[in-house]
1. Only one of Gly211, Gly114, Gly187, Gly167 is surrounded by fewer than 17 Cβ atoms within 10 Å (Cβ to Cβ), in contact (Cβ under 8 Å) with a residue 24 or more places away in the chain and not aliphatic (A, V, I, L, M). Can you tell me which?
2. Among the listed residues Asn375, Asn379, identify the single one that is closer than 17 Å to Arg463 by Cα and not charged (D, E, K, R).
3. What about Glu251, is it assigned to a helix (DSSP H, G or I), more than 25 Å from the chain's Cα centre (by Cα) and at pLDDT below 65?
4. Given the criterion within 21 Å of Arg24 (Cβ to Cβ) and either part of a helix (DSSP H, G or I) or modelled with pLDDT under 80 (or both), identify the matching residue among Ile210, Ile173.
5. Restricting attention to region 452-483, which residues are at pLDDT below 85 and either more than 36 Å from the chain's Cα centre (by Cα) or not hydrophobic (A, V, I, L, M, F, W, C) (or both)?
Amino acid sequence: MSIRRRLALAYLLITAGGFLYLVRWVVADIRPYYLTSIEESLVDTSRVLASLLAGNVREDRIDAGGLHELLARAYQTRVSARIYEKVKTELDLRAYVTDSRGIVLFDSHGGKEGADFSRWNDVYLTLRGKYGARTTRDDPADPASAVIWVASPIVHQGKTIGVLSLGRPIRSIDRIASTTIERIVIGGTVAAFVVILLLYLLTVWFTRPIGQLMDYARRVRDGRPASLPVLGDTDLGRLGTAFEEMRQALEGRKYVEHYVETLTHALKSPLSAIRGAAELMREEMPAARREKFLGNVLLESDRMQKVIDQLLRLSVLENQGRLGTVAAVDLASLAREVSESSASHLERRSISLRLALEEARVDGDAFLLKQAIANLLQNAIEFSGTGTAIELRTGVEGGQALVEIADEGPGIPAYAREKVFEKFYSLPRPETGAKSSGLGLPIVRQVARLHRGEIELENRPKRGLKARLRLPIASPDPGKLVS
């Protein structure tokens, strides 16, 4: 699992767990807070009404008639009150009055007059000078039918002569609490989502440079073109610089070892041929035979010179981090120049060259691009049979400049597909069986890389090979081209 995914998962679990705990903690306290608020208001109201009843005492008896008329009118009055998002349409306040023995003298809902409430907590505790309250269900099987009751003493001449108890169903409280809980849950979920999204974006911002360094390291490992990402003056930036310095040091050492090995291998065969011819020429032999051996020495010497020249050219290209001289170049013009310089070689082989040149402008080094096109055309000529044809095309395709050369040769065998771009790897020419230096295609590939392009080789359906050199089209400012 990547670092980004691990951090994102950790943020997700921590944030989700934290918000879940916070929401559950808040939700758990909402109902008690609402009940506390309702109970407090009932205490105040019951005290006021108890004081009013204390003023209507006749012969030590409580006259609850006034309270009865008051509540009756209140119940009959239409209620329409918007309290924030809730609309209140009915009076849900209840009341009853008992004497000093706990016998009900008045019940706002009727049917309880004469009942003995002396054992109910609200009455029992109030008659003994304590705070009395209780919660009782109208229907024992229905939790939603619970009513909270709060009692206050009716005091006359310093003596408690009765109790006033006010009640309110908690279903209205539960509705308000449910609405609040729902809003808290939704708000908490949205907040958690926003926080998780911000943390994820922070994770992406933090891990993106690490991903760029990893991609850079993989490209270096695979031998593909790799440029150090711009990470600024940060710890990761300094780490990337250290990677680049290490890569350059290792590549420099490996480069020298590789070139010594490949150059030794490439020169071994011609040196052996020259040595053998020289040893034989020390003996007496006919002039014609001596001339033949001398020709072999010159041929092998010329071969060694070409290998050294091309190897030096490739070495310069591989160590060239970016193009030196950049200008707008028309690939069609370069292709025409290459075709004209190859006319004599084509004529000797009786090979026809068909041109389809459309303007394709790129930003780059004209000399290197011409050399790349010449190498591709040279390969096509050497692998084409006498009397065949080669097609050379330039143009713009898929938003890229294109040079395409198609021949009618044998194509690339399957076993050589992964090797043709290796240094000194060469296939025998169909007519002579000879091999080249094996440096032409590596040079073409390096030129393509310096121009931020690519070279593709593909066997044609029937016979032959098609080589495509793809390059970015010219930009308004050629100086911005970076390899």
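The values are calculated or read from the model by the stated rules, or taken from the named source; none is laboratory data. Just so it is clear, the structure is predicted and the values come from calculations on it, not from any experiment. Cβ: placed from backbone, ideal geometry, glycine included. Neighbour counts: every protein chain shown.
1. Gly211
2. Asn379
3. Answer is yes for this residue.
4. None of the other options fit; the residue is Ile173.
5. Lys462, Ser475, Pro476, Asp477, Pro478, Gly479, Lys480, Ser483
The rows are residues; the columns are (1) modelled with pLDDT of 90 or more; (2) of a type outside the set (Ser, Thr, Tyr).
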residue	(1), (2)
Ser352	yes, no
Leu355	yes, yes
Ala360	yes, yes
Ile381	no, yes
Val396	yes, yes
Glu404	yes, yes
Glu408	no, yes
Glu418	no, yes
